[in-house]
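S.K.: Dropping the structure in here first, questions after.
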Amino acid sequence: MPAPDLRFSKFLSYVLHPLIIPTFATAALLMRQDAYSIVLPFYLKIWYLSVVFAFTWLIPVAAVFVLLRFKAIYSVEMSRRSERTIPLLIASASYMALMFFVRPVNIPPLFLYVVYSATFALLAGLLINMVYKISLHTLGWGAVTATLISISLRLGLPMLTLISVSILLSGLAGYARLKENAHNQTQVYVGYIAGAAIVMLIIFLV
């Protein structure tokens, strides 16, 4: 039986998985009534959150289990760099489909920032993974932290609490990956920096 601290790190890895980050970020922003000028009905919030969850978590996770069933990958954890390519391609396609699906919808821009950031961060992770194994967990949390900072700066919204929480969760995600020996420190730090950098670049260019 794994040691308690190892079980805790595995729990953190699942709870803080990068695929759930867009849903977490969207839900957090939907609760900020001061973050957008129009009134969003409750049913519209639930619909939008469900769409984000379906495209960014449900479809990629279903694809992973299909690939596992057909032995295209060896484990859900995908510890080998080569195993990640096909799942990342599928997830990227799903994220891009979401980006084009929600673009015509009358959704406040900050929610589109989340979708764009998540999509481009995932694409960056796919490209980097072809030559170097990085932590996708910290890449995702670096991206969401940078997204919140960018939204706060561009829209003039005080979001210190959300930013602080995202930084804390980033640290926990990095700790979990190191504790499980899934990555070394360089891979964890490079992932975080890459996620934050690509988002800062995209947000301030659009």
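S.K.: Take PHE111, PHE8, PHE70 and sort them by solvent-accessible surface of the protein heavy atoms, 1.4 Å probe, largest at the top. Before the final figure, lay out each step's value.
M.R.: Working: PHE111 0, PHE8 95, PHE70 160 Å².
I get PHE70, PHE8, PHE111, largest accessible area first.
S.K.: Looking at the chain as a GNM with Cα springs under 10 Å, which of SER150, SER75, SER13 has the largest mean-square fluctuation?
M.R.: Highest fluctuation among the options: SER75.
S.K.: Oh, and also: Using the charge dipole of segment 57-206 (Lys, Arg: +1 at Cβ; Asp, Glu: -1 at Cβ; taken about the Cα centre), state which of SER94, PHE70, ALA196 has its Cα farthest towards the positive end.
M.R.: PHE70
S.K.: Now a separate question. Using a cut-off of 21 Å between alpha-carbon atoms, which lysines can reach LYS10, once sequence neighbours fewer than 8 places away in the same chain are excluded?
M.R.: Leaving aside lysines fewer than 8 places away in the same chain, those within reach of LYS10 are LYS133, LYS179.
S.K.: Quick check on the chain: helices-only [θ] at 222 nm, where DSSP H runs of length 4 and up contribute -39,500 (n - 2.57) each and the sum goes over total residues. Nearest 500, please. Each step should come with its number before you reach the end.
M.R.: Details: 9 runs with 145 residues, N = 206.
Computed ellipticity for the chain at 222 nm equals -23500 deg cm²/dmol.
S.K.: State the answer as a single residue: which of PRO41, LEU127, THR147 lies farthest towards the positive end of the charge dipole of the chain, with beta carbon charges of +1 for Lys and Arg and -1 for Asp and Glu, about the Cα centre.
M.R.: Towards the positive end, the residue furthest out is LEU127.
S.K.: While we're here: If DNA, RNA and ligands are ignored and the probe is 1.4 Å, what is the ranking of ARG32, ARG80, ARG154, ARG103 by accessible area, most exposed first?
M.R.: Values: ARG32 50, ARG80 125, ARG154 100, ARG103 145 Å².
From most accessible down to least: ARG103, ARG80, ARG154, ARG32.
S.K.: Order the following by accessible area, largest value first: LYS133, LYS10. Probe radius 1.4 Å; ligands, DNA and RNA are ignored.
M.R.: Details: LYS133 40, LYS10 80 Å².
The ranking, largest first, comes out as LYS10, LYS133.
S.K.: Related question: Solvent-accessible area of THR145, probe 1.4 Å, all protein chains present, reported in Å² to the nearest ten, please.
M.R.: Its heavy atoms expose roughly 10 Å² to the probe.
S.K.: Residue by residue through segment 70-86, what is 3J(HN,Hα) from phi via Karplus (6.51 cos²θ - 1.76 cosθ + 1.60, θ = phi - 60°)? Round to whole Hz and write x for glycine and proline.
M.R.: Karplus-based 3J(HN,Hα) across segment 70-86 equals 9, 6, 7, 10, 9, 7, 5, 5, 6, 5, 8, 4, 5, 5, 7, 4, 5 Hz.
S.K.: To the nearest Å, what is the center-to-center distance of segment 150-182 and segment 49-98, using C-alpha atoms only?
M.R.: 23 Å
The values are calculated or read from the model by the stated rules, or taken from the named source; none is laboratory data. Since this is a predicted model, take the numbers as computed values, not measurements. Every residue, glycine as well, gets a Cβ built from its backbone with ideal geometry; the counts of neighbours run over all protein chains shown. SASA here: full protein model, heavy atoms, side chains in, ligands and nucleic acids out. Shrake-Rupley method; radii C 1.70, N 1.55, O 1.52, S 1.80 Å.
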